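Structure in structure tokens, see below.
None of the figures in this text is laboratory data; all of them are computed from the coordinates on show. What you see is a predicted model; the values in this text were computed from it and never measured. All Cβ positions, glycine included, derive from the backbone under ideal geometry; neighbour counts span all protein chains shown.
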Amino acid sequence: MAEMSEAARLTDFEARIDRGEKIEPGDWMPDAYRQNLIRMISQHAHSEIVGQLPEGKWIPYAPGFRRKLTLIAKVQDEAGHGQLLYAAAESLGKTREAMMDELLSGKAKYANVFNYPTPHWADVGVIGWLVDTAAVINQTMLAQSSYGPYGRAMRRICYEESFHIKQGYDAVLAMARGTAAQRLAAQEAIDRWWYPTLMMSGPPDSMSTHSRLALRWRIKTKSNEQVRQEFVDHIVPQIRALGLTVPDADCAFDAATGHHRYTQPDWEELKRVVSGHGPCNQERLAVRRKAHEEGRWVREALQVAS
Amino acid sequence: MTDTQWSTWEVFHQTKRGDPHEHVGSVHAPDPQMALQLARDQFARRLKCSSLWVVRTSDIVMTDYQDPTFFAQTTDKSYRDPKAFDAPEKRHP
């Protein structure tokens, strides 16, 4: 088939996508498909790696031994998810070292949510419950991705994330059933995380530069708006069931559409936060750089020993 | 800042003795022992595992998805299939 023209290869490739076939590492693929995947998967990997930090900070202060063990396991999972995703990106020909350089130099983007502070234990519960619910809705969709290694990594990750949601919900539940001060702390954490979590699914499709190709080639199978709406419809009744409030007076179920209406987050804020100007971007990258430098001797020793 | 360039290793996981080893993903490591340790941390941290294999990705020889002729059946091979025979399973009385 080496004699096939570029146009014929593209037609053949798109026909495979339309039939629901999975694309594997050795297959021919348009360069834009490869580049789009490398961008998405490496950003996703960086998000998991940086995502260890806001919650990891709370490991020494977790209330009780069981919650401490749980949080350690969750943060370890995030590291593992980062590794799985880096491996999926490597299968497209991008090296681990190049991805690491892009993260540490500040060139790479990662999920907005990890650039916000976690001033209270309640933030750990709300991240597990809200942020990880939004993540699982997105990742369940990505498990259907046309790129085989990405979809397979997603299925493994979703299985583990369901534990993350459960432990977060359990932590918030304990506070919602607790003292007035605990209920207030839970509410304040929800207030802090509501809009950043809505932003996490990405800008509206009209503003998204990559969505069109990603949908056409089934790298993702739902638009940012669809994923966000699924999250809102899922989480709003849960928040209210705990006697807590969604910090959006206009958020209501609309019987005509069968969905909840909600106020759009500030998309300018999303742009600022993912381009390096959120409240904690510098702090997060400084921690990663320090860890990378302090681990250099280990990498070098392994290299010499091998 | 690029200071190493490690290989990737494909990981095969066996849930219990007697089961087949199944491909579960890959790890990035400088040598086979480190690859096995990382594979354990990555793929055996929750569910049961009795054995892991790692194989350097570049050592795997594979068929080409783009070459449909490799698996093409040029002649009728239905005689290899038990369903192709009418003879009843049970002996006639």
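Helix-derived [θ] at 222 nm for chain A: sum -39500 (n - 2.57) over DSSP H runs of at least 4, divide by residue count, nearest 500?
About -20500 deg cm²/dmol.
With θ set to phi - 60° and the Karplus curve 6.51 cos²θ - 1.76 cosθ + 1.60, what are the ³J(HN,Hα) couplings of segment A:183-200 in order, to the nearest whole Hz, using x for Gly and Pro?
Rounded to whole hertz, the list is 4, 5, 4, 4, 4, 5, 5, 4, 4, 5, 9, 4, 6, x, 5, 4, 5, 4.
Could you work out, residue by residue across B:52-64, how many beta carbons of other chains sit within 10 Å of that residue's beta carbon, and then give the average as an integer?
Other-chain Cβ atoms within 10 Å of each residue's Cβ, averaged: 1.
For residue A:58, what is the net charge nearby, where nearby means another residue's Cβ is under 11 Å from its Cβ and Lys, Arg count +1, Asp, Glu -1?
Net charge in that neighbourhood comes out at +2.
Could you work out how far apart the two model spin labels at residue A:206 and residue A:9 are, taking each label as a point 7 Å from the Cα in the direction of the beta carbon, and quote it in nm?
My value for the distance between the label points is 3.8 nm.
Calculate the translational D of segment A:1-41 in whole µm² s⁻¹ from Stokes-Einstein, where the hydrodynamic radius comes from the Kirkwood formula applied to all Cα pairs, the temperature is 10 °C and the viscosity 1.306 mPa s.
144
For residue A:146, what residues show an amide H to amide H distance below 5 Å, using hydrogens built from the backbone and excluding near sequence neighbours?
A:219
What does the average come to when, for each residue of peptide A:20-29, you count the partner chain Cβ atoms lying within 10 Å of its Cβ?
2
Project the alpha carbons of segment B:7-84 onto their principal axes and report the range along each, largest first, in whole Å.
Sorted largest first, the three principal extents are 48, 28, 15 Å.
By how many nm would the segment from residue A:290 to residue A:144 lengthen if fully extended, with 0.36 nm per residue of separation less the alpha-carbon distance?
48.9 nm
Could you list B:85, B:43, A:253 in order of exposure, starting from the residue whose Cβ has the fewest other Cβ atoms within 10 Å?
Result, fewest neighbours first: B:85, A:253, B:43.
Helix A:6-18 sits at what angle to the longest principal axis of chain A, using alpha carbons and giving 0 to 90 degrees rounded to 10?
Result, in degrees: 40.
Rounding to the nearest 10 and keeping the result within 0 to 90°, find how far the Cα-based axis of helix A:281-294 lies from the longest principal axis of chain A.
Computed tilt is about 60 degrees.
Using all C-alpha to C-alpha distances in chain A, build P(r) with 10 Å bins and read off the rounded percent in each one.
The percentages, shortest bin first, are 6, 25, 33, 23, 10, 3, 0, 0.
How many partner chain Cβ atoms sit within 10 Å of a residue's Cβ in peptide A:78-90, on average, as a whole number?
Mean shielding by partner chains, rounded to a whole number: 3.
Whole-Hz Karplus ³J(HN,Hα) for segment A:255-263, in order, using 6.51 cos²θ - 1.76 cosθ + 1.60 and θ = phi - 60°, x for Gly and Pro?
Karplus-based 3J(HN,Hα) across segment A:255-263 equals 4, 5, 9, x, 10, 7, 7, 8, 7 Hz.
If the label point is 7 Å along Cα→Cβ of residue A:181, which residues in segment A:106-135 have backbone nitrogen under 15 Å from it?
A:120-122
Using a Gaussian network model of chain A with C-alpha springs under 10 Å, which one of A:136, A:126, A:274 is most mobile by mean-square fluctuation?
Top of the fluctuation ranking is A:274.
What distance in nm lies between label points placed 7 Å from Cα along the C-beta direction at residue A:261 and residue A:221?
Using points 7 Å along Cα→Cβ, the separation is 3.2 nm.
Counting other beta carbons within 10 Å of each residue's own, what order do A:213, A:130 fall into, fewest first?
A:213, A:130
In addition: Enumerate the residues in segment A:173-212 having an amide nitrogen under 18 Å from the point lying 7 Å beyond the Cα of residue A:271 toward its Cβ.
Of the residues in segment A:173-212, A:196, A:199-211 have backbone N under 18 Å from the label point off residue A:271.
Next up: Measure nothing fancy, just the Cα-based angle from helix A:224-241's long axis to the longest principal axis of chain A, in degrees from 0 to 90, nearest 10.
For A:224-241 against chain A, the angle is about 20 degrees.
Please find the FRET efficiency linking residue B:73 to residue A:304, where r is the Cβ-Cβ separation and R0 is fixed at 41 Å, and quote it to the nearest 0.05.
For R0 = 41 Å, the calculated efficiency reads 0.20.
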